[in-house]
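The values are calculated or read from the model by the stated rules, or taken from the named source; none is laboratory data. Quantities reported herein were computed from a predicted structural model and do not represent experimental measurements. As a convention, Cβ positions derive from the backbone with ideal geometry for all residues, glycine included, and neighbour counts pool all protein chains shown. Accessible surface areas use protein heavy atoms only, side chains included; no ligands, DNA or RNA. Shrake-Rupley method; radii C 1.70, N 1.55, O 1.52, S 1.80 Å.
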Amino acid sequence: MSVLFLIVLNVIVPVFFLIGAGAILHRKFKLDMNTLSKLNHFLLMPAISFVNIYQSKLGGGMIVQIFSFLALQAVSLIIVSTVVAKLARFDQSLSATFKNSVVLNNSANFGLPVSQMVFNGNPLGLSIQVIVIIFQNLLTYTYGLMNSVSVHTKSAKGAIREFLKNPVIYALLLGLILQAASFEIPLFLWTPIDNIASAFIAIALITLGAQSAYLKITHFPLPLILSLAGRLILSPSIAFLIILMLGLEGTVAQGLFIASSFPTSRNSALFALEYDNHPEYAAQAVLMSTLFSSITVTMVVYLSKILF
(Lines give C-alpha, C1' and ligand atoms only; values in the text may rest on other atoms or scores of the structure.)
Protein backbone atom coordinates (compact mmCIF):
# COMPACT_ATOMS: atom_id res chain seq x y z
CA MET A 1 0.00 0.00 0.00
CA SER A 2 2.97 2.30 0.43
CA VAL A 3 3.44 2.33 -3.37
CA LEU A 4 -0.22 3.21 -3.87
CA PHE A 5 0.05 6.02 -1.33
CA LEU A 6 3.14 7.40 -3.08
CA ILE A 7 1.31 7.39 -6.43
CA VAL A 8 -1.57 9.34 -4.91
CA LEU A 9 0.79 11.74 -3.15
CA ASN A 10 3.27 12.30 -5.98
CA VAL A 11 1.07 12.00 -9.09
CA ILE A 12 -2.63 12.50 -8.37
CA VAL A 13 -2.45 15.18 -5.66
CA PRO A 14 -0.22 17.51 -7.75
CA VAL A 15 -2.55 17.10 -10.74
CA PHE A 16 -5.69 18.02 -8.80
CA PHE A 17 -3.90 20.77 -6.89
CA LEU A 18 -3.31 22.55 -10.21
CA ILE A 19 -6.83 21.78 -11.46
CA GLY A 20 -8.20 23.28 -8.24
CA ALA A 21 -5.97 26.33 -8.62
CA GLY A 22 -7.33 26.86 -12.13
CA ALA A 23 -10.93 26.63 -10.91
CA ILE A 24 -10.31 29.13 -8.10
CA LEU A 25 -8.46 31.58 -10.36
CA HIS A 26 -11.20 31.45 -12.98
CA ARG A 27 -13.93 32.06 -10.42
CA LYS A 28 -12.05 35.03 -8.99
CA PHE A 29 -10.55 36.65 -12.10
CA LYS A 30 -12.57 35.24 -15.06
CA LEU A 31 -9.59 33.95 -17.02
CA ASP A 32 -9.69 34.34 -20.80
CA MET A 33 -10.40 30.76 -21.90
CA ASN A 34 -9.73 31.52 -25.55
CA THR A 35 -6.23 32.77 -24.73
CA LEU A 36 -5.49 29.77 -22.53
CA SER A 37 -6.74 27.42 -25.23
CA LYS A 38 -4.55 29.03 -27.91
CA LEU A 39 -1.53 29.03 -25.57
CA ASN A 40 -1.93 25.32 -24.90
CA HIS A 41 -2.80 24.31 -28.45
CA PHE A 42 -0.33 26.34 -30.48
CA LEU A 43 2.68 26.66 -28.16
CA LEU A 44 2.89 24.44 -25.09
CA MET A 45 1.58 21.17 -26.51
CA PRO A 46 3.71 21.26 -29.68
CA ALA A 47 6.78 22.10 -27.55
CA ILE A 48 6.31 19.23 -25.08
CA SER A 49 5.54 16.85 -27.96
CA PHE A 50 8.67 17.86 -29.84
CA VAL A 51 10.94 17.63 -26.80
CA ASN A 52 9.71 14.18 -25.77
CA ILE A 53 9.91 12.70 -29.28
CA TYR A 54 13.30 14.28 -29.92
CA GLN A 55 14.73 12.80 -26.70
CA SER A 56 13.14 9.37 -27.11
CA LYS A 57 14.44 6.19 -28.72
CA LEU A 58 11.33 5.08 -30.59
CA GLY A 59 11.87 2.55 -33.36
CA GLY A 60 9.59 1.94 -36.34
CA GLY A 61 8.51 -1.45 -35.00
CA MET A 62 7.53 0.07 -31.67
CA ILE A 63 5.42 2.74 -33.36
CA VAL A 64 3.58 0.03 -35.31
CA GLN A 65 2.93 -1.83 -32.04
CA ILE A 66 1.56 1.30 -30.38
CA PHE A 67 -0.73 2.21 -33.27
CA SER A 68 -1.95 -1.41 -33.52
CA PHE A 69 -2.93 -1.31 -29.86
CA LEU A 70 -4.65 2.08 -30.18
CA ALA A 71 -6.60 1.02 -33.29
CA LEU A 72 -7.80 -2.20 -31.65
CA GLN A 73 -8.84 -0.39 -28.50
CA ALA A 74 -10.68 2.36 -30.39
CA VAL A 75 -12.62 -0.15 -32.52
CA SER A 76 -13.52 -2.16 -29.41
CA LEU A 77 -14.82 0.92 -27.58
CA ILE A 78 -16.78 2.10 -30.61
CA ILE A 79 -18.48 -1.29 -30.95
CA VAL A 80 -19.28 -1.64 -27.25
CA SER A 81 -20.54 1.94 -26.83
CA THR A 82 -22.74 1.60 -29.93
CA VAL A 83 -24.29 -1.61 -28.58
CA VAL A 84 -24.85 -0.06 -25.13
CA ALA A 85 -26.50 3.02 -26.67
CA LYS A 86 -28.89 0.82 -28.64
CA LEU A 87 -29.73 -1.35 -25.63
CA ALA A 88 -30.36 1.76 -23.52
CA ARG A 89 -32.55 3.14 -26.33
CA PHE A 90 -30.80 6.50 -26.48
CA ASP A 91 -32.01 8.83 -29.22
CA GLN A 92 -29.53 9.66 -31.98
CA SER A 93 -28.40 12.91 -30.38
CA LEU A 94 -27.81 11.38 -26.94
CA SER A 95 -26.21 8.32 -28.51
CA ALA A 96 -23.66 10.45 -30.37
CA THR A 97 -22.60 12.28 -27.21
CA PHE A 98 -22.51 9.08 -25.17
CA LYS A 99 -20.29 7.29 -27.70
CA ASN A 100 -17.89 10.23 -27.85
CA SER A 101 -17.70 10.35 -24.05
CA VAL A 102 -16.53 6.73 -23.97
CA VAL A 103 -14.27 6.62 -27.04
CA LEU A 104 -12.50 10.00 -26.76
CA ASN A 105 -10.22 10.64 -23.78
CA ASN A 106 -8.34 13.63 -22.42
CA SER A 107 -4.91 12.45 -23.52
CA ALA A 108 -3.49 15.96 -23.72
CA ASN A 109 -4.53 18.34 -20.92
CA PHE A 110 -4.85 15.53 -18.37
CA GLY A 111 -2.98 12.57 -19.83
CA LEU A 112 0.29 14.20 -20.79
CA PRO A 113 0.87 15.89 -17.40
CA VAL A 114 0.08 12.62 -15.59
CA SER A 115 2.40 10.66 -17.88
CA GLN A 116 5.11 13.26 -17.43
CA MET A 117 4.93 12.76 -13.68
CA VAL A 118 4.72 8.95 -13.84
CA PHE A 119 7.54 8.63 -16.40
CA ASN A 120 9.73 11.41 -15.08
CA GLY A 121 13.20 10.85 -16.54
CA ASN A 122 11.91 8.21 -19.00
CA PRO A 123 11.53 9.80 -22.47
CA LEU A 124 10.10 6.57 -23.91
CA GLY A 125 7.09 6.66 -21.57
CA LEU A 126 6.46 10.30 -22.43
CA SER A 127 6.84 9.67 -26.16
CA ILE A 128 4.22 6.93 -26.02
CA GLN A 129 1.76 9.44 -24.59
CA VAL A 130 2.61 11.91 -27.37
CA ILE A 131 1.74 9.23 -29.95
CA VAL A 132 -1.49 8.55 -28.05
CA ILE A 133 -2.32 12.27 -28.35
CA ILE A 134 -1.74 12.19 -32.11
CA PHE A 135 -3.97 9.14 -32.47
CA GLN A 136 -6.67 10.67 -30.27
CA ASN A 137 -6.61 13.85 -32.35
CA LEU A 138 -7.06 11.80 -35.51
CA LEU A 139 -9.90 9.86 -33.87
CA THR A 140 -11.49 13.06 -32.55
CA TYR A 141 -11.56 14.91 -35.87
CA THR A 142 -12.71 11.89 -37.86
CA TYR A 143 -14.93 9.54 -35.85
CA GLY A 144 -15.76 12.01 -33.05
CA LEU A 145 -16.65 14.94 -35.28
CA MET A 146 -18.52 12.88 -37.84
CA ASN A 147 -20.38 11.10 -35.05
CA SER A 148 -21.60 14.48 -33.79
CA VAL A 149 -22.51 16.09 -37.11
CA SER A 150 -24.27 12.96 -38.38
CA VAL A 151 -27.15 13.80 -36.04
CA HIS A 152 -27.89 16.89 -38.12
CA THR A 153 -27.47 17.95 -41.72
CA LYS A 154 -24.21 19.87 -41.28
CA SER A 155 -21.28 18.79 -43.43
CA ALA A 156 -18.27 16.92 -42.03
CA LYS A 157 -16.05 17.60 -45.05
CA GLY A 158 -13.75 19.78 -42.95
CA ALA A 159 -12.83 16.99 -40.51
CA ILE A 160 -9.52 16.07 -42.13
CA ARG A 161 -8.69 19.72 -42.74
CA GLU A 162 -9.23 20.47 -39.04
CA PHE A 163 -6.98 17.57 -38.10
CA LEU A 164 -4.20 18.80 -40.40
CA LYS A 165 -4.34 22.21 -38.70
CA ASN A 166 -3.15 20.65 -35.45
CA PRO A 167 0.44 21.83 -34.83
CA VAL A 168 1.21 18.81 -32.61
CA ILE A 169 1.37 16.65 -35.75
CA TYR A 170 4.14 18.75 -37.25
CA ALA A 171 6.01 18.98 -33.94
CA LEU A 172 5.94 15.18 -33.80
CA LEU A 173 7.19 14.80 -37.37
CA LEU A 174 9.98 17.34 -36.86
CA GLY A 175 11.06 15.65 -33.65
CA LEU A 176 11.14 12.25 -35.38
CA ILE A 177 13.16 13.60 -38.31
CA LEU A 178 15.74 15.38 -36.14
CA GLN A 179 16.04 12.40 -33.82
CA ALA A 180 16.49 9.96 -36.72
CA ALA A 181 19.11 12.23 -38.24
CA SER A 182 20.90 12.57 -34.85
CA PHE A 183 20.79 16.33 -35.32
CA GLU A 184 22.00 18.27 -32.30
CA ILE A 185 19.87 21.35 -31.69
CA PRO A 186 21.97 24.43 -30.80
CA LEU A 187 21.74 25.50 -27.17
CA PHE A 188 20.33 28.94 -28.00
CA LEU A 189 17.33 27.20 -29.64
CA TRP A 190 17.03 24.27 -27.26
CA THR A 191 16.88 26.43 -24.11
CA PRO A 192 13.67 28.33 -25.01
CA ILE A 193 12.04 25.18 -26.44
CA ASP A 194 12.80 23.25 -23.26
CA ASN A 195 11.58 26.12 -21.08
CA ILE A 196 8.29 26.28 -22.96
CA ALA A 197 7.86 22.50 -22.63
CA SER A 198 8.51 22.72 -18.90
CA ALA A 199 5.59 25.15 -18.54
CA PHE A 200 3.10 22.73 -20.09
CA ILE A 201 2.02 20.78 -16.99
CA ALA A 202 1.01 23.79 -14.92
CA ILE A 203 -0.77 25.73 -17.67
CA ALA A 204 -2.58 22.68 -19.09
CA LEU A 205 -4.00 21.63 -15.73
CA ILE A 206 -4.87 25.18 -14.70
CA THR A 207 -6.78 25.46 -17.99
CA LEU A 208 -8.64 22.23 -17.28
CA GLY A 209 -9.55 23.55 -13.82
CA ALA A 210 -10.83 26.80 -15.28
CA GLN A 211 -13.01 24.86 -17.73
CA SER A 212 -14.59 22.96 -14.84
CA ALA A 213 -15.02 25.93 -12.49
CA TYR A 214 -18.76 26.47 -12.98
CA LEU A 215 -20.03 23.00 -13.79
CA LYS A 216 -22.58 21.58 -11.32
CA ILE A 217 -23.77 18.01 -10.83
CA THR A 218 -27.17 17.60 -9.14
CA HIS A 219 -27.86 13.95 -9.97
CA PHE A 220 -26.44 10.92 -11.81
CA PRO A 221 -28.73 9.88 -14.68
CA LEU A 222 -28.20 6.57 -16.50
CA PRO A 223 -26.29 8.07 -19.47
CA LEU A 224 -23.80 9.71 -17.10
CA ILE A 225 -23.30 6.51 -15.11
CA LEU A 226 -22.73 4.54 -18.32
CA SER A 227 -20.27 7.17 -19.59
CA LEU A 228 -18.23 6.99 -16.39
CA ALA A 229 -18.21 3.19 -16.37
CA GLY A 230 -17.27 3.02 -20.04
CA ARG A 231 -14.45 5.54 -19.90
CA LEU A 232 -12.92 4.76 -16.50
CA ILE A 233 -13.53 1.02 -16.08
CA LEU A 234 -14.29 -0.59 -19.44
CA SER A 235 -11.53 1.21 -21.36
CA PRO A 236 -8.59 0.08 -19.16
CA SER A 237 -10.10 -3.41 -18.94
CA ILE A 238 -10.16 -3.73 -22.73
CA ALA A 239 -6.66 -2.23 -22.87
CA PHE A 240 -5.33 -4.89 -20.52
CA LEU A 241 -6.71 -7.69 -22.70
CA ILE A 242 -5.25 -6.15 -25.87
CA ILE A 243 -1.85 -5.71 -24.20
CA LEU A 244 -1.84 -9.41 -23.32
CA MET A 245 -2.99 -10.35 -26.82
CA LEU A 246 -0.21 -8.32 -28.47
CA GLY A 247 2.40 -9.48 -25.97
CA LEU A 248 3.44 -5.94 -25.00
CA GLU A 249 5.78 -5.52 -22.04
CA GLY A 250 7.71 -2.99 -19.95
CA THR A 251 7.34 0.74 -20.47
CA VAL A 252 5.25 0.33 -23.64
CA ALA A 253 2.67 -1.80 -21.81
CA GLN A 254 2.68 0.52 -18.80
CA GLY A 255 2.30 3.65 -20.92
CA LEU A 256 -0.57 2.29 -23.00
CA PHE A 257 -2.40 0.81 -20.00
CA ILE A 258 -2.20 4.12 -18.15
CA ALA A 259 -3.20 6.08 -21.27
CA SER A 260 -6.37 3.98 -21.58
CA SER A 261 -7.63 5.14 -18.17
CA PHE A 262 -7.77 8.90 -18.69
CA PRO A 263 -11.09 10.79 -18.36
CA THR A 264 -13.45 11.92 -21.09
CA SER A 265 -12.07 14.39 -23.62
CA ARG A 266 -13.19 17.99 -23.37
CA ASN A 267 -13.68 17.82 -27.17
CA SER A 268 -16.70 15.58 -26.63
CA ALA A 269 -18.30 18.44 -24.68
CA LEU A 270 -17.25 21.02 -27.29
CA PHE A 271 -18.80 18.95 -30.09
CA ALA A 272 -21.98 18.46 -28.08
CA LEU A 273 -22.22 22.21 -27.49
CA GLU A 274 -21.52 23.11 -31.12
CA TYR A 275 -24.05 20.64 -32.55
CA ASP A 276 -26.55 20.83 -29.67
CA ASN A 277 -26.28 17.15 -28.75
CA HIS A 278 -27.13 17.25 -25.02
CA PRO A 279 -24.30 19.68 -24.11
CA GLU A 280 -25.06 19.74 -20.36
CA TYR A 281 -24.76 15.96 -20.13
CA ALA A 282 -21.51 16.10 -22.11
CA ALA A 283 -20.02 18.70 -19.76
CA GLN A 284 -21.07 16.62 -16.74
CA ALA A 285 -19.34 13.56 -18.23
CA VAL A 286 -16.10 15.52 -18.63
CA LEU A 287 -16.19 16.95 -15.10
CA MET A 288 -17.24 13.79 -13.26
CA SER A 289 -14.89 11.49 -15.18
CA THR A 290 -12.05 13.88 -14.35
CA LEU A 291 -12.98 13.85 -10.65
CA PHE A 292 -13.45 10.07 -10.41
CA SER A 293 -10.27 9.48 -12.40
CA SER A 294 -8.35 10.54 -9.30
CA ILE A 295 -9.29 7.10 -7.98
CA THR A 296 -9.28 4.99 -11.14
CA VAL A 297 -6.10 6.43 -12.67
CA THR A 298 -4.31 5.92 -9.35
CA MET A 299 -5.31 2.26 -9.38
CA VAL A 300 -4.27 1.80 -13.02
CA VAL A 301 -0.87 3.43 -12.41
CA TYR A 302 -0.40 1.17 -9.39
CA LEU A 303 -1.42 -1.95 -11.34
CA SER A 304 0.82 -1.03 -14.26
CA LYS A 305 3.85 -1.13 -11.96
CA ILE A 306 2.84 -4.61 -10.72
CA LEU A 307 1.59 -6.20 -13.96
CA PHE A 308 4.20 -4.91 -16.40
- Item | VAL64-LEU215 pseudo-label distance in nm [points 7 Å out on the Cα-to-Cβ vector] | 3.9 nm
- Rounded to a whole number, what is D in µm²/s for the chain from Stokes-Einstein with the Kirkwood radius over alpha-carbon pairs (37 °C, 0.692 mPa s)? 168 µm²/s
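May I ask you to rank THR82, THR97 by accessible area, largest first, using a 1.4 Å probe over the protein chains only? Show your work: numbers first, answer last.
On the way: THR82 40, THR97 5 Å².
Order by accessible area, largest first: THR82, THR97.
Which length gain, in nm to one decimal place, applies between GLU249 and ALA180 when the Cα-Cα distance is subtracted from 0.36 nm times their residue separation?
Gain on stretching GLU249 to ALA180: 22.5 nm.
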- Message: Lysine pairs in the chain with Cα distance under 25 Å, only those 8 or more apart or on different chains: how many are there?
- Response: 15
- For ASN105, list long-range residues whose amide hydrogen, built 1.01 Å from N in the peptide plane, is under 5 Å from its own amide hydrogen. SER265
- At 1.4 Å probe size, with no ligands or nucleic acids counted, give the accessible surface of MET45 in Å², nearest ten. 10 Å²
- Taking a 1.4 Å probe, which of LYS30, LYS216 shows the most accessible area, and what order do the others take after it? LYS216, LYS30
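Return the Rg/Rh ratio of region 109-152 with Cα-based radii and a Kirkwood Rh.
Numbers: Rg = 14.0 Å, Rh = 11.7 Å.
Here Rg/Rh amounts to 1.20.
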- Note on the structure: With every protein chain in place, the accessible area of LEU273 for a 1.4 Å probe, in Å² rounded to the nearest 10, comes to 120 Å²
